[in-house]
Amino acid sequence: MGLLPYELKDQFEKQIFTSKEASITFPLIPLFEPEFVVGIKRGSQDAEILKGNPTGLLESSPLQKPPKQAWKFQPNFTKEGYLKTIKKLQQHIVDGDIYEVNLAQAFTAKGKLQEPDFWFRQLTKVSPVPFAAFIRWEDQYLLCASPERFLQHKDGILRTQPIKGTAPRSANPTKDKAHFDYLYGSEKEKAENVMIVDLSRNDLYRSSIPHSVHVPHLFEIQAFPQVYQMVSTIEGQKDPALPWHEVISRCFPPGSMTGAPKVKSMELIDRYEPFSRGIYAGSAGYVMPNGEFDWNVIIRSLVYDDARELLSYHVGGAITYDSDPMMEYEETLLKASALRRIFG
């Protein structure tokens, strides 16, 4: 179990090197073998011990709400700087360097985060998602409310489910349906999504049996409390000769967080983002003893360094030729709405 930071890409693509610093850093490959593993079946409240003997650990007392805190997050991009960078990237699209690229901005704040596990539960209460993760590595914490799967291997099938396409939710049923209909019918959002589907098909092909890669679900709209998301599913039969780490290295980092073509997009991300992403846009997950695994995409996440009393979160979006810079900027704030609601 553990993390695969985004900067691990430098080990897989030797022509790429990130010289900038992340606001909060983790080791390059912070993985561990757990002493205890406890499973809870979907729809059940009963815990099943899968490994070890965690006597007494399952009888935890309710989390105590810490005193109210106020954090003042500062962006590393000005609004104007973010909009100008989008236009520069669109010029690269006009020049034929790329088709699409993911541009992110980071927000940081100083302060003590008391009881990080309490805040993780608050975050997943506001934003319940299928790929949440709470991880502590020494003084660093990840509070992750990710809706996106990076890569799964189960029953011989490799599966990736990139998200591209976002629309807000509304408490007004009429407005909410209008947002759904917009995303469902948007040619722009579909164009963004299919670019990453093609990229993901290529990534998966490198680890799959020839002619087995296919797309069982294209442009599926999934509902979350704050947003609607357009999700596609790509599957392939895993090449049985490849070990799990080789499969991941051939697909990492998640294509939805880079762009197309992938290597050139990562080069431009390193050039134009004024920070190293750290673990953002990387992955959190686990590998089973039989080689099956499941990894998410680290988005919609707060990272906390307890020793430095520093908090950080990142948000980003896909930039294409047709992107409206102001709408792209506002979409990043929409994606951070659950984090902003909890942490200010």
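Computed from the coordinates by the stated procedures, all read-outs in this text should not be read as laboratory data. Everything numeric here is computed off the predicted structure, so don't read it as measured data. As a convention, Cβ positions derive from the backbone with ideal geometry for all residues, glycine included, and neighbour counts pool all protein chains shown.
Backbone N atoms of segment 259-293 closer than 19 Å to the 7 Å Cα→Cβ label point of ASP97 belong to residues 259-277.
Other residues within the sphere of radius under 15 Å centred on the Cβ of LEU4, judged by their own Cβ, net out at -3 (K and R +1, D and E -1). When you restrict to C-alpha pairs under 8 Å that are six or more residues apart and normalise by the size of segment 283-322, the relative contact order lands at 27 percent. Relative to the current alpha-carbon distance between PHE36 and ASP181, full extension at 0.36 nm per residue lengthens the span by 47.7 nm. If R0 equals 45 Å, the separation of the Cβ atoms of GLN15 and ARG340 corresponds to a calculated FRET efficiency of about 0.75. Taking each DSSP H run with n ≥ 4 as -39500 (n - 2.57) and averaging over every residue of the chain yields -9000 deg cm²/dmol at 222 nm. Pairs over the 32 Å Cα-Cα cut-off, from the set LYS68/LYS164; LYS72/LYS262; LYS14/LYS238; LYS125/LYS154; LYS190/LYS238; LYS14/LYS88: LYS68/LYS164; LYS72/LYS262. Label zone (VAL263, point 7 Å along Cα-to-C-beta; backbone nitrogen cut-off 15 Å) within segment 186-221: 203. Measuring from a point 7 Å past the Cα of ILE157 along Cα-to-C-beta, which residues in segment 214-252 have an amide N at less than 14 Å? The answer is 214-218, 233-238.
A Gaussian network model of the chain, with springs between Cα atoms under 10 Å, assigns the largest mean-square fluctuation among HIS217, HIS92, HIS153 to HIS217.
Judged by the mean number of other Cβ atoms found within 10 Å, the most tightly packed of the peptides 305-317, 274-286, 165-177, 40-52 leads the ranking 274-286, 305-317, 165-177, 40-52. For ASP239, the residues whose modelled amide H falls within less than 5 Å of its own, excluding neighbours fewer than 5 places apart on the same chain, are SER208, ILE209. Note on GLN64 and LEU50: the model spin-label points, each 7 Å out from Cα along the C-beta direction, lie 3.2 nm apart. Would you mind pulling out the separation of the Cα centroids of segment 316-341 and segment 10-49, in Å? First find each Cα centre; the distance between them is then 26 Å. Counting other Cβ atoms within 10 Å as a rough exposure proxy, the listed residues CYS251, CYS144 run CYS251, CYS144 from fewest neighbours to most. When you restrict to C-alpha pairs under 8 Å that are six or more residues apart and normalise by the size of segment 206-255, the relative contact order lands at 40 percent. List the relative contact order of segment 64-154 as a percent without decimals, with contacts defined as Cα pairs under 8 Å and 6+ residues apart. With pairs under 8 Å counted, the relative contact order is 25 percent.
Of the chymotrypsin sites (Phe, Trp or Tyr not before Pro) in segment 1-93, the ones in a loop by DSSP (not H, G, I, E or B) with at most 10 other beta carbons within 10 Å are PHE32.
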